[in-house]
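**Student:** Could you have a look at this structure, given as structure tokens, before my questions?
Only the coordinates and a few stated rules stand behind these numbers; no lab work does. Here the structure is a predicted model, which is why all the values come from computation and not from measurement. Methodologically, a virtual Cβ is constructed for each residue, glycine included, from the backbone with ideal geometry; neighbour enumeration extends over all protein chains shown.
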Amino acid sequence: MACGTFLACGTFLDILACGTFLDIACGTACLKGLRKIKAYMKGDERILGNSDFVETVLKECLDEFDRRYLLKSGGYDFDTVVDRVAQVLGMNRAEVLFSGRQPHKVYARSLLCFWASSELGMSMVQLSKRLKISQPTASQSATRGEKVAKENKLKLLKNK
């Protein structure tokens with residue numbers, strides 16, 4: 001079925017029959033037809049996939065952005081996360097930040113790196129400078145911290 005059929009019939013199925021919406025032969029006609037029947041599609045040329053997939057990806061990005069903004073506007077920063085790690089693990093703040101290979105310090109730094117990177121959006125470079133460790137070490141710590149948080153069901157926010 002050709003795109004000309006859509007213009008004659010005006011049904012959504014005829015639009016689908018002509019192939020992709022951005023097909024060179026009928027892209028403009030199909031898009032104009034979609035506007036006529038008010039079937040708006042969400043899209044972004046940087047994301048491959050149909051409208052549902054694009055909307056899902058964009059919603060997840062927006063949710064993550066909203067969460068980070070909410071945390072930062074609520075006063076959560078690196079120091080707050082350090083305090084939360086110390087509270088959760090029953091340590092003092094200084095122990096969380098001190099270097100060392102003792103298991104409890106590694107555990108605390110790992111959780112700190114994970115929460116700071118995933119929840120606050122801090123880069124591994126920023127974390128490595130704050131903790132005076134190398135960037136690959138910060139990345140490995142964040143990976144370990146994710147595992148620790150999942151195994152022990154630890155959350156940054158108390159009510160989350």
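**Student:** Mind checking which residues of the stretch 109-160 are polar (S, T, N, Q) and under 17 Å from ARG84 (Cβ atoms)? Steps first, please.
**Tutor:** Pass one, the stretch 109-160, residues polar (S, T, N, Q): 110, 117-118, 123, 126, 128, 134-135, 137, 139-141, 143, 152, 159.
Across the stretch 109-160, the qualifying residues are SER110, SER117, SER118, SER141, ASN152, ASN159.
**Student:** Output the qualifying pairs, or none if there are none: Cβ atoms under 8 angstrom, residues six or more apart or on different chains, first residue in the stretch 132-160 and free of Cβ contacts under 8 Å to residues at least 60 places away in the same chain and more than 14 Å from LEU112 (Cβ to Cβ), second residue of a type in the set (Val, Ile, Thr) and assigned to a helix (DSSP H, G or I).
**Tutor:** GLN135/VAL125
**Student:** For the stretch 123-160, how many residues meet the condition of being surrounded by fewer than 20 Cβ atoms within 10 Å (Cβ to Cβ) and assigned to a loop (DSSP other than H, G, I, E, B)? Full working, then the answer.
**Tutor:** Of all residues in the stretch 123-160, those surrounded by fewer than 20 Cβ atoms within 10 Å (Cβ to Cβ) come to 123, 125-126, 128-130, 132-137, 139-140, 143-144, 146-155, 157-160.
Among the residues that remain, those that are also assigned to a loop (DSSP other than H, G, I, E, B) are: 123, 132-134, 153-155, 157-160.
Number of matching residues: 11.
**Student:** Those residues that are over 19 Å from the mean Cα position of the chain (by Cα) and closer than 17 Å to LYS72 by Cβ, I need them from the stretch 102-160; list them, please.
**Tutor:** ARG130
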